[in-house]
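Okay, structure first, notes after.
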């Protein structure tokens, strides 16, 4: 579309024409994507409201120092965020998650907030990272957090709510599972084994996090001296002794799916490995209370499991951690199997509000990416049925009959059926093509004969698509759903409803 | 909340504590505001979908050259927008409206879009301007546009949809009116009167735009030599001759509310003043077609009027212009009368897509500010009833009974009633205060006695607030709604529903 002459490149010429393109990593979303996301957010919001969480929305910008990644020597602070200087020279940055704004808001309003403060939020977040296929620089997150309660029951409510929210969003029971762990367990185990340096603990977490990819033997190497991979690269290990390695491996395998016996059996397995250290016992007691509350809340053993292999990021969390994993097998557009894995997560964090106030405030929350969940639902064939439906199109033959077209379109709209009069200037065939591009269920024709007779002609476009794709059977529909029919105008709404419902 | 010691000011010290504050002009929105905005957007979206408009969402950023205010010599282009340089040194800026991204999107995808392209969009826009009371640097707009149709019927559909959308959002019929004008009328009139320079036309538009504030006599001066205001400042006038001034004043008064006779009477009045110039006749014909389509679409004379005094910005629009005006009298928090005036507007513009492609594409649209409409509805006493409701709170007496609390809260949630167990650590009185701050309808108490007897005690907090504010009558409610009652657990849902419904 762009004129490629030199004039278009020089913004100072009168007829400078910019290229029509969006910045890299920012997606234009059309109706199908937006309906899928809206359907998720409406379902999840309803669940969160029922749990007593109130909505909160903060502005897109926070001061850079409030985001927690402040680099004072940099001319452009905060690699990874979109930052700019305000008129008063203060740096502000677009939020990169919904937790930092919550921490700022809670610290700012702590005196007057009802406490514990339970809020949910959704909206765009921005990451100034290199975009790629499926990796965007703006995407929608949905978070729920309880700030100001150290009770394990607060974690349990977040977990129960996440389970119910994902089911409400369209994932049937069994399609996903919430996995729960507690940082204190592994910490206690490592302290008991004499591995007390933060560096060593971090190396252990990194090793455990690779269980899915490398298997038990690979992780065993990474917990010990190190691992030489197939390409010849050597990764230095955590340097644990043999007995400690066994304990860690027993621990991380204590709750995998298929171990059986549910959350209480897993708790018993963990107790055998972890018991004895004060921190481990604390973690166990917290998990036991979470388990009890989940049971009271009606969350069954197949909906939420305790899985000590869950790491969920390296820093930041201080106690319980959760991860929602998709169990559905999904396929991409070429029919290849796709593993989605994690579709959300969260946990307990106690330091975010303290950054502002100096007072630690216990908090716990769950977050998921809305576009990612929508993609998972689509890949699993569970997109909402109405996600791709267009309006009924009234074909526009003659300016003189415009009043009749508008009367008919009003009749359909009054019945709640999306409908429009074609308002371009093209002829019959392009109008039918237009209706097809809009994925219209039907086209309505009102020629002079129909107007004189008080009738309308309906063309069933859904049927055309079904026949073309082999979904409908040519012989069977002829009796049930004629491809085109002329009927009294009074029967129009019923006829269109039959097409939409069919 | 912030420690004011010097350490908090130096980001390089370990215990640096940023101040918890949001950048100026960015609002934190709580549940009440968000529910009001959501209610508006859901109602309006449903109407727009019914008219066959599809949803579109573009990213927050556009390249600065695509925004249409490009200043190539500036180090920070685009005064008035939030701009920053991408990794590849290209300037991008946060969208300041939803029209510029639509123009870019339409130009980029013109070949494959169904045409005419009808889309609606809502979301935040950003203006880098000086914030003030009620003036924010981020706010939500909602737009609908038809791109690729020059037909007046496309304008009519936008107008009909705006009328229906505002009614669906909560403004009852008669609370607002859609005013319609056409740029070509005044242009034609001025050309006929020999006022052909763009500067003079602009001066006339500016003068007409002040009709509400200065009255006919003030505008007469501004159309002629100029006007000396009360403070002694002289504003130079448009310099029209006496006869042209009379024509302009006849024209702008031809459709004011109260003139009577509806749109067709106004059209006749206008024809008397404007007739004879080619451009004026064109504008008249367009308005006549808009009027006919509106009538076919069921839009009555009290819902949309033709008002030649509507100016709607000075540049940008090329034909029909529309403005939605609030007719409700509203009051501020002190009970003072507030005039809201315009709550939305739009019109026909033909040059936006041409900026990219060189090909003019006719377009028409309507836009309104969602927060502004929410504020208007609230000021008019028409906020959605549920906008401030909190959850039922189950009072937490004893950790040992947590399972019972969760069973009861589950019972309420299953019935669709927002409810929560108090999960802080405070005693009975702070818990009641918490429930009050959340605007909970009721608090549920489950002591040892109730648990043993299978009962619950409900405290009606709505009633407490009604009694406190004088809404409820102390004697009348004693029979109907006891302030506190102990009932079998099986009757809980019914009892709470009675409180919420009452």
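Read-outs: derived from the displayed coordinates by stated rules, not from any lab. It should be emphasised that the depicted structure is a prediction, and the values quoted were computed from it without experimental measurement. Every residue, glycine among them, receives a Cβ derived from its backbone with ideal geometry; neighbour counts consider all protein chains shown.
Structural remarks
- Over the protein assembly as shown: Kirkwood hydrodynamic radius from C-alpha pairwise inverse distances, Å: 32.1
- Antiparallel bridges, percent of DSSP beta bridges restricted to the protein assembly as shown (to nearest 5): 85
- Equivalent ellipsoid of segment A:390-501: semi-axes from √(5λ) of the C-alpha gyration tensor, largest first, are 22, 16, 13 Å.
- Kirkwood Rh in Å, taken over segment B:130-169 so that all alpha-carbon pairs contribute: 12.7
- Dimensions of chain A along the principal axes, based on C-alpha atoms and rounded to the nearest Å, stand at 92, 64, 57, largest first.
- For the peptides A:97-105, B:299-307, B:238-246, the ranking by mean Cβ contacts within 10 Å, running from highest to lowest, is A:97-105, B:299-307, B:238-246.
- Whole-number percent relative contact order across segment B:125-205, with pairs defined as alpha carbons under 8 Å at least 6 apart: 14
- Here the sum of -39500 (n - 2.57) over DSSP H runs of 4 or more residues, divided by the residues of chain A, equals -12000 deg cm²/dmol at 222 nm, to the nearest 500.
- Label-point separation, residue A:282 to residue B:487 (7 Å along Cα→Cβ), nm: 4.4
- Percent antiparallel among DSSP beta bridges (both partners in chain A, rounded to 5): 85
- The mean count of C-beta atoms from other chains within 10 Å of the C-beta of residues in A:296-302, rounded to a whole number, is 3.
- Counted residue by residue at 0.36 nm each, then reduced by the alpha carbon distance between them, the extension gain from residue B:202 to residue B:214 reaches 2.6 nm.
- Identity and axial distance of the chain B residue whose Cβ lies nearest the axis relating B to A, Å: B:84, 2
- Rounded to the nearest 10 degrees, the inclination of helix B:492-501 to the longest alpha-carbon principal axis of chain B is 30 degrees.
- Pairs of Cα atoms farther than 26 Å apart, segment A:116-234, %: 52
- Peptide B:160-166 has a mean shielding of 1, counted as Cβ atoms of other protein chains within 10 Å of each residue's Cβ.
- Model label zone, residue A:426; criterion: amide N under 15 Å from point 7 Å along Cα-to-beta-carbon; scope segment B:118-158: B:118, B:147-150
- With 10 Å bins from 0: P(r) over segment B:80-158, alpha-carbon pairs, percent: 16, 36, 31, 16, 2
- Size estimate for segment B:192-246 follows the Kirkwood approach: the inverse of mean 1/r over distinct Cα pairs works out to 11.2 Å.
- In percent, rounded to a whole number, the relative contact order of segment A:300-358 is 34, using alpha-carbon pairs under 8 Å and six or more apart.
- Bridge orientation summary for segment A:390-501: considering DSSP beta bridges with both residues in this region, about 65 percent are antiparallel.
- With neighbour counts taken as other beta-carbon atoms within 10 Å, the residues A:486, A:196, B:318 rank, fewest first, as A:196, A:486, B:318.
- The mean sequence separation of alpha-carbon pairs under 8 Å and at least six residues apart, normalised by the residue count of segment B:389-501, gives a relative contact order of 27 percent.
- Estimated distance in nm for a label pair at residue B:236 and residue B:302, the labels positioned 7 Å out from Cα along Cα-to-Cβ: 4.7
- Sorted from closest to farthest, the other copies place their residue B:42 label points 0.8 nm away, with each point set 7 Å from Cα along Cα→Cβ.
- Ranked by the mean number of other Cβ atoms within 10 Å per residue, highest first, peptides A:219-226, A:411-418 order as A:219-226, A:411-418.
- Sorted by Cβ density within 10 Å, fewest first, the residues B:37, A:153: B:37, A:153
- Counting Cβ atoms of other protein chains within 10 Å of each Cβ in A:432-442 and taking the mean gives 2.
- Gyration tensor over the Cα atoms of segment A:240-352: the corresponding equivalent ellipsoid has semi-axes (square roots of 5 times the eigenvalues, largest first) of 26, 18, 16 Å.
- Annotation: the residues A:451, A:158, sorted from fewest to most other C-beta atoms within 10 Å of their own C-beta, follow the order A:451, A:158.
- Inter-copy label distances at residue B:332, shortest first and taken from points set 7 Å along Cα to Cβ: 5.9 nm.
- From most to least packed by mean Cβ count within 10 Å, the peptides A:48-61, A:178-191 give A:178-191, A:48-61.
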